[in-house]
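What follows is a set of notes on a single structure, which appears directly below.
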Amino acid sequence: MWSIGNGKQIGIEDVLEYMDEHFDPEHDSKVKLLYIENISHPERLLKHARSLISKGCRIAAVKSGSSESGSRAASSHTGAIASSDTAVDALFRKAGIVRCYSRDQLTTIGCVLTLPEMTGKNVAIVTHAGGPGVMLTDALSKGGMNVPLLDPKIGEELKAQLYPGSSVANPIDFLATGTPEHLGICIDFCEKRYDNVDAIVVIFGTPGLVPCDDAYNVLHEKMLTCKKPIFPVLPCLNIAGREVKEFIDKGHVNFADEVALAEALIRVSDTPKPATADNLCPEVDVKAVRAIIDGIKEDGYISPDNVRALLQAAAIPVVPEKVSANRDELVAAAREMGYPIVVKVVGPVHKSDVGGVTLNVKDDAQLEAEFDRMMQIPDATAVMIQKMISGTELFIGAKYEPTFGHNVLCGLGGIFVEVLKDVQFGLAPLSQPEAERMVRSLKGYKIIQGTRGKQGLDEATYVKIICRLSTMLHYAPEIKEMDINPLLAGPDHVTAVDARIRVEK
C-alpha cells in the first residue's frame with residue numbers, strides 16, 4: 001500500500017509506474033488496491049495498469065469525487081448524459097481495473113482477487129443453511145451471474161452420500177446436521193463431476209451441532225487442492241470467532257456476508273481484460289479528417305456539409321441529402337433522389353422541439369409548403385432534405401473530457417437516448433472487442449439481436465461504425481461534442497441519418 005496524500009507532487013500514475021518498472025514476481029503482491037482522488041495522466045495510468053495486469057497482477061480502485069454539484073446545461077444528448085465520472089468508468093474498463101465505491105467494497109473485492117480467477121459465470125453454492133443460500137442465489141442472479149441447475153443424474157449419486165432431506169439442485173444444502181465429511185463430498189462433486197460449475201461458494205457458520213474446526217480444516221484442504229476457486233462464507237464471527245481466526249491465519253480470506261460477496265463477484269466478473277493498445281481503423285481517411293477540421297474557422301456547431309464530409313472521411317454510411325436555402329434547388333434535388341423524403345430545418349440544435357422535422361414528404365407541393373414553413377422558424381438558416389429510409393433507431397455520441405480524451409457512447413436512438421439512458425461508454429480509440437462489449441451490454445441489446453419474430457439488426461456494421469468514429473475522434477481533439485442520432489439500422493445496413501458536431505479550435 002502506498003499513501004500519497006493530495007498527490008500534488010507524486011500522483012497515482014507515478015506509483016503505478018514505479019510498481020510496474022520494479023515489479024518482482026516472486027515477492028511483490030499481485031493484488032493492488034488503490035484509492036484515487038485525482039487522475040492527471042490517464043494514458044500513463046492505462047499503460048502501467050495494462051502492464052501490471054499482463055504480469056499477473058489484479059487491480060481494484062476507489063475513485064472518489066465522482067458527484068457533480070448542481071446540474072450543467074448541455075446542448076446535446078451526449079452532453080446531458082456523459083460526465084467526467086463516466087470517463088473514469090470507461091478508463092477503468094479499458095485498463096482492466098475493477099471499480100469500487102467504498103472501503104468495504106474495495107476490501108471485499110481485494111479478497112476475491114486473492115483467489116483463483118473465475119473462467120465463467122456459473123456458481124455452485126454449498127451450504128448447510130437454506131436462508132443464506134437463497135439470498136446469495138438472488139443476489140448473483142440479479143447481477144447477471146448464474147446459479148445453474150446441476151445434472152440430476154449426478155445429483156442422485158451425491159444425494160446418496162448425504163443425509164436424507166438434503167437438496168442437490170443448487171444450492172446444494174446438506175443440512176445443519178451435515179458433517180465435515182459431507183462438506184468435502186459436496187465440494188468434490190462440484191470440482192470433479194459438474195462441468196457447468198466455474199466457482200464454488202461454501203457457506204458454513206456454526207450449526208451448534210458439530211464443531212466448526214473439522215469443517216474448516218476440510219475447507220482449508222480443498223482450497224489448497226481444487227482448481228476451481230472456492231469462496232468461503234463463514235458468517236459466525238462471534239460464536240465461532242476463534243475457528244474463523246484460525247482459518248484466516250492459514251492464509252485464507254473470509255466473506256462474512258454472502259450478498260456483499262455476490263456484489264463483489266459481479267463487479268469482478270463484469271470488468272473486462274485490458275484493451276489492446278493498437279485500436280485505430282485503417283479505413284478512416286485521417287488526412288481528409290484533418291483537412292476538414294483545419295478548414296473550420298469558428299467555434300460551435302459546424303455546417304451540415306462539414307458534418308457529412310467528416311462522416312464520409314470516417315467511412316460511416318450516410319443517407320443521401322441536400323442542404324439549401326433555395327426552394328427550387330431542393331425541389332430539383334428531391335426529384336433526383338426520389339420521393340418520399342424527410343425535410344429538416346437547419347440552424348436550431350434540437351429540430352424536433354421546434355417542429356423542424358417532417359417525415360414522408362411525397363411530392364413537390366408538400367416539399368414547397370414545408371420549406372416555406374421551416375424557413376420561418378427562429379434561427380433557421382436553410383432546409384435539408386434526405387432520402388427517407390426505414391429502420392430501427394440507434395445512437396452514437398461522443399464528448400471530449402479534458403485529460404481523458406473522447407468518451408464514446410452508444411445505445412438506442414431517437415428521443416429515448418435521454419429518457420431511457422440505456423447507453424454504454426468507452427474511451428477512444430476503441431478496439432472491436434471493446435465496441436462489441438459496449439453494444440452487447442445494452443439493456444436493449446435484444447432489439448439489436450432480434451426478438452419476438454423480428455429480424456435482428458446489422459450488429460457488425462454498428463460495431464465498425466463505433467470503432468471508425470472513435471478513430472476519427474482520436475485525430476480530431478477539436479471535436480468537443482457530437483451526436484449521430486439516429487442511425488437507422490436494418491438486417492443488412494446501418495446508416496447515419498442525422499448528426500451534429502461541435503468544435504472548439
Note: ASN196 to THR177 extended length (0.36 nm per residue) minus current alpha-carbon separation gives 4.1 nm
Degrees, to the nearest 10: 258-269 long Cα axis against longest axis of the chain: 50
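Please compute the length gained on full extension between ASP364 and THR114, using 0.36 nm multiplied by the number of residues separating them and subtracting their Cα-Cα distance.
Here the segment from ASP364 to THR114 would lengthen by 83.0 nm.
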On a 0 to 90° scale, report how tilted helix 364-374 is relative to the longest principal axis of the chain, with both axes built from alpha carbons and the result rounded to the nearest 10. 80
Principal-axis tilt of helix 286-295 within the chain, Cα atoms, nearest 10 degrees: 50
Can you tell me the length gained on complete extension of the stretch GLU157 to ASN6, counting 0.36 nm per residue apart and subtracting the Cα distance? 48.4 nm
Distance check, please: which entries in LYS192/LYS228; LYS351/LYS505; LYS443/LYS480 exceed 19 angstrom between their Cα atoms? LYS351/LYS505; LYS443/LYS480
Going by C-beta contacts inside 10 Å, put CYS467, CYS212 in order with the fewest on the left. CYS212, CYS467
Considering only the other residues whose Cβ falls under 11 Å of the Cβ of PRO429, what net charge follows from Lys and Arg at +1 and Asp and Glu at -1? 0
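For the chain, what number results from the quotient of the Cα radius of gyration and 2.2 N^0.38 Å?
So the chain has a normalised radius of gyration of 1.21.
Mean separation of Cα pairs under 8 Å and 6+ residues apart, divided by the residue count of the chain: what relative contact order is that in percent?
Computed over the chain, the figure is 14 percent.
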Taking the Cα atoms of the stretch 304-385 alone, what are Rg (to one decimal) and Dmax (as a whole number) in Å? 12.5, 36
Charged-residue dipole, Cβ positions (Lys, Arg, Asp, Glu), the chain about Cα centre, Debye nearest 20: 240
At q = 0.16 1/Å the base-10 log of I(q)/I(0) from the Debye formula over the alpha-carbon atoms of the stretch 123-269 is -0.80
Each label sits 7 Å from Cα toward the beta-carbon; between MET375 and HIS22 the label points are separated, in nm, by 7.3
Quick one: ARG327, ARG335, fewest Cβ neighbours within 10 Å first, how do they rank? ARG335, ARG327
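FYI, it's all coordinate maths here, none of it is from the lab. Model, not experiment: these values are computed from the prediction. Don't worry about glycine lacking a Cβ; one is built from the backbone with ideal geometry, like all the others, and counts go over all protein chains shown.
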